[in-house]
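The values are calculated or read from the model by the stated rules, or taken from the named source; none is laboratory data. Worth saying up front: this structure is predicted, and the values here are computed from it rather than measured. FYI the Cβ positions are ideal-geometry reconstructions off the backbone, even for glycines, and counts take in every protein chain you see.
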Amino acid sequence: MRFVDFLIPETLDEARAALEALGDRGYAFAGGTAFQYVSDRPGATAVDITRLGLRGIDQTDGGFRVGATTTLTDLVRYQADGWVLDRVATRIPTHQVRNVSTVGGNISRLFPWSDLPLALLVLEGGVVISDGEEQTHAALEFFTAQPLNRFGHGDLVTAVTLPAVSPPLGFGFKKENITNAAFALMTGAAAITLDGERLAKVRLAANGALAVPQRLTAVEDALEGRAADPSLFAGAVEDGIGGLDWRGREGMSDEFARHLGGVILCDVLEQALQAAKGEAE
Amino acid sequence: MSVEKAIRIQLNGESREFNVTAGESLLALLRRSGLTGTKRGCEDGACGSCTVIMDGAAVNACITFAFQAHEREVWTIESIGEYDDPSPLQKAMVEEAGVQCGFCIPGIVMSVKALLDEIPNPTHEQILENLDGNYCRCTGYEKIEDALHRTIAETSGEEPQWTR
Ligand SMILES: Cc1cc2nc3c(=O)[nH]c(=O)nc-3n(C[C@H](O)[C@H](O)[C@H](O)COP(=O)(O)OP(=O)(O)OC[C@H]3O[C@@H](n4cnc5c(N)ncnc54)[C@H](O)[C@@H]3O)c2cc1C
Ligand code: FES
Ligand code: FES
């Protein structure tokens, strides 16, 4: 993206007003690391949103609220019981990119490699949008389409929310890339809530070899209510992912992408089950 | 038509004012200001040869827009040592043969400096994670690790947490 102008507002109201006035030409600009992948638009103006006081992580009742301009490095460094986003952010390359990339930037414009949306999807997190007033949208609904297309002029993501993860809720995350510094070939995330020996709730999502982060509801439906037995995972995954549009990249065939997807999804389900049982990985 | 605006950067310890356009990268600004030690490699945030330190954190100057540095502190390789008076890391890089063609080295030095400023005696895992952001096409990294090991021993005053 070639910008023709930039603004550096100091308050949320100023930033929103600028974006509203600019309309289609205005772009919220956080870390700025994604704009090399965005096509040019005449008259594009960058509105820097990193000085609005939206950076920081707070513990809430049962979970966390993460400000939109919190960097991925902040996510890696934060430590608290039930915090899992460090496991996701640490796999987003590189440390230089993590130092400036923000949570809001990672979730507002989706790419095949976007990792944080997967965690928010399976943990049923929330996305807080300000159009003057803050409203929290369920991640399950927020990520059903390209989020940017739903924003009105001047709307900004101000935070995300997510639960603290502890048994009987367990989380699993796995990413495959050619080198640690490369985009994901395939990423999977799972959350399992146990009710005794039963899988009370299963949430599963994948990205990388799919065009955008997606929940895999067919697999979830096949597993929910059944015994907490990892030997059921392979069959449910195999039956549930065949109809998806798997796309091989970087030398992978589509068929290999589907196979890799299956392996990773079984792995993250197993991780989530272990964690839900309170067993160390 | 691109608008030019003034920004102020605390650059290598000196307050400097620059006129920049919105599309200008921090890398382009540094290089047109004579600070050519910061190298232009991939220009898409992958190779790390353009690494500088902004507000204490290593960043890729190629995908950082110049205006992002407004009212921030930026340190480049030129601030680290002199030809006749290299920093311990620069000296170790040369003496341990961590430098071949040299193109990646300014970025590696800045990236490692940011790490050691924060964690004077990092684990081997932290070192490898740091080097993930810097490609070296020549050395195979072994000699660079030798240089890092020696630097950490010299500058932290402790035995490094890993062995060579
Ligand atoms: C070499 C490289 C490798 C990468 N690998 C990965 C990877 O493996 N996995 C991964 O997940 N990501 C990866 N990324 C992507 C990187 O993490 C994203 O570019 C980043 O998360 C975007 O964050 P940003 O703050 O830079 O956003 P920006 O580039 O500033 O913005 C991104 C988009 O979101 C909009 N936006 C930003 N903030 C808000 C807000 N608060 N409200 C509304 N809209 C907003 C912007 O207008 C823009 O359209 C990689 C990037 C690079 C350069
Ligand atoms: S030139 Fe900046 S990362 Fe390669
Ligand atoms: S010494 Fe040549 S690229 Fe590293």
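Miscellaneous remarks
- Residues of the stretch A:188-214 that turn out to be at pLDDT 95 or above and in a strand (DSSP E or B), as a count: 17
- Within the stretch B:1-50, tally of residues that are of a type in the set (D, E, K, R) and more than 12 Å from chain A (Cβ to nearest Cβ): 7
- Pick from the stretch B:61-90, criterion without any contact (Cβ under 8 Å) to a residue 40 or more places away in the chain and buried (at least 21 other Cβ atoms within 10 Å of the Cβ), ranking: farthest from ligand 2 (Cβ to nearest atom): B:Gln90
- Some residue of the stretch B:41-50 being within 16 Å of ligand 1 (Cβ to nearest atom), part of a strand (DSSP E or B) and in the same structural domain as B:Ile9 (by TED's automatic domain parsing): no
- Some residue of the stretch A:233-240 being under 21 Å from A:Phe183 (Cβ atoms) and aromatic (Phe, Trp, Tyr): no
- Elements of the type helices (runs of 4 or more DSSP H) sitting completely within the stretch B:63-152 and holding at least 1 residues that are within 16 Å of ligand 1 (Cβ to nearest atom) and not assigned by TED's automatic domain parsing to the domain that holds B:Gln10: these cover B:105-118, B:124-131.
- Scoring B:Ile53 on the criteria (1) away from every other protein chain (no Cβ under 12 Å); (2) buried (at least 19 other Cβ atoms within 10 Å of the Cβ); (3) within 30 Å of A:Asn177 (Cα to Cα) leaves a single failure, condition (1).
- Scanning the stretch A:166-183 for residues that are within 14 Å of chain B (Cβ to nearest Cβ) and closer than 19 Å to A:Gln214 by Cα gives A:Lys175, A:Asn177, A:Phe183.
- Strands (runs of 3 or more DSSP E) completely within the stretch A:1-92 that count 1 or more residues being modelled with pLDDT of 95 or more and away from chain B (no Cβ under 14 Å): A:57-60, A:63-67
- Only one of A:Ala164, A:Ala205, A:Ala182, A:Ala200 that is more than 16 Å from ligand 3 (Cβ to nearest atom), buried (at least 21 other Cβ atoms within 10 Å of the Cβ) and aliphatic (A, V, I, L, M): A:Ala205
- Qualifying residue in the stretch A:132-154 (condition: within 30 Å of A:Leu52 (Cβ to Cβ), of a type in the set (D, E, K, R), touching an Asp or Glu at 6+ places or on another chain (Cβ under 6 Å) and part of a loop (DSSP other than H, G, I, E, B)): no
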